[in-house]
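Comments concern the structure below.
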Amino acid sequence: MDWSEHLFLKINRQIGQKEWLDKLMMFCAHNLLFILVFLAFLWATTVLAESRVEKLNRFFKLLLTAGAFSYLFSWTWAFIFPQKRPSNKYPEIKQLLNPLSNWKTFPSDHTIAAFVVTLVVVLMGGPIWFGALLLILALLVGVGRVYVGVHYPQDILGGIIVASVFVLTSPWLLDNITQPIYSLFKQLFL
C-alpha cells in the first residue's frame, strides 16, 4: 500500500463521523466545480469583454486548448496505465458519491477541469484575490473527491500537474496547433 492509498483510507474513515462535514464534502465534490466555472465565466464575460473582445476570445480559446489537451492526455494515460477506483480495489470503503464511470481514477478529471479554469483566469491576468479564491475552490473540489471516496490523493495531485502543464503550454499550443484548427473551422462554416 502506497502513501496515497494509506492517506485515502485514513480520510475515508472520517465518513459518518460528522454529518455536516459529509454534506460539505459532497457539495465540494459534486457542485463546487459548477460555481467555480460560473465565477470564472462571469469574470471573463464582464471584465475581459469590457476591455477588449479579443481578450475574451483568447480566454475561451486558451480554455478550450488547455482543456482538450489535458483530457486527451488524461484519457490516454488511463487507457495505457489503467488504475482501479478506490471502491473497486477496496469494496469495504464508504462512498458518498457514485461516479458516472469506474474505468479510470488517475488523474482526476474534476480536478483537471477546476485547475484548467482557475489557471487560465490567472494566465489572463485575473486579480490576485480572485485567482486565490478560485485556487481555494479548485483545491476544495479535489479534497472533496477524495473525501467522498471516488479518488486517491495522488489522482488529485496528478490532475493539478496535468492542468498546470497544459495551461502553461496553452499559449504555444494555441498559436501552433489549435489556432490553425479554429481557422479551418471558420472557413468551413462561414
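Derivation of every value follows stated rules applied to the coordinates shown; laboratory data play no part. Only a predicted model underlies this, so the values are computations on that prediction, with no experimental measurement involved. All Cβ positions, even for glycine, are placed from backbone atoms using ideal geometry, and neighbour counts span all protein chains on display.
Computed values, structure above
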read-out	value
Contour minus Cα-Cα distance for Val165 and Lys94 (0.36 nm per residue)	22.3 nm
Principal-axis tilt of helix 3-12 within the chain, Cα atoms, nearest 10 degrees	70 degrees
Ranked list, fewest to most other Cβ atoms within 10 Å of each Cβ, for Ile156, Ile80	Ile80, Ile156
Karplus-derived HN-Hα couplings along the range 54-67 (A = 6.51, B = -1.76, C = 1.60, θ = phi - 60°), whole Hz, x at Gly and Pro	4, 5, 5, 4, 5, 3, 5, 5, 5, 4, 5, 5, 4, x
Cut-off 11 Å between beta-carbons: net charge of the residues surrounding Asn12, Lys and Arg +1, Asp and Glu -1	+1
Trypsin sites (Lys or Arg not before Pro) within the range 32-121, DSSP loop, no more than 11 other Cβ atoms inside 10 Å	Arg52
Potential lengthening between Trp75 and Arg52 on full extension [0.36 nm per residue; Cα-Cα distance subtracted]	4.8 nm
Simple label model, 7 Å out from Cα along Cβ direction - Phe38 to Leu190, nm	3.4 nm
Nearest 10 degrees, 0 to 90: helix 32-43 Cα axis against the chain principal axis	20 degrees
Rough spin-label spacing in nm, given labels placed 7 Å along Cα→Cβ, for Lys10 and Lys23	2.8 nm
Non-local Lys pairs in the chain, i.e. 8 or more apart or on different chains, that have alpha carbons under 30 Å apart	21
Helix 128-147 axis, angle to the chain major axis (alpha carbon atoms, nearest 10°)	40 degrees
Length gained when the stretch Phe60-Tyr182 is fully extended (0.36 nm per residue, less Cα-Cα span)	42.7 nm
The range 32-116 - Debye-derived log10 I(q)/I(0), Cα point model, q = 0.15, 0.23 Å⁻¹	-0.70, -1.12
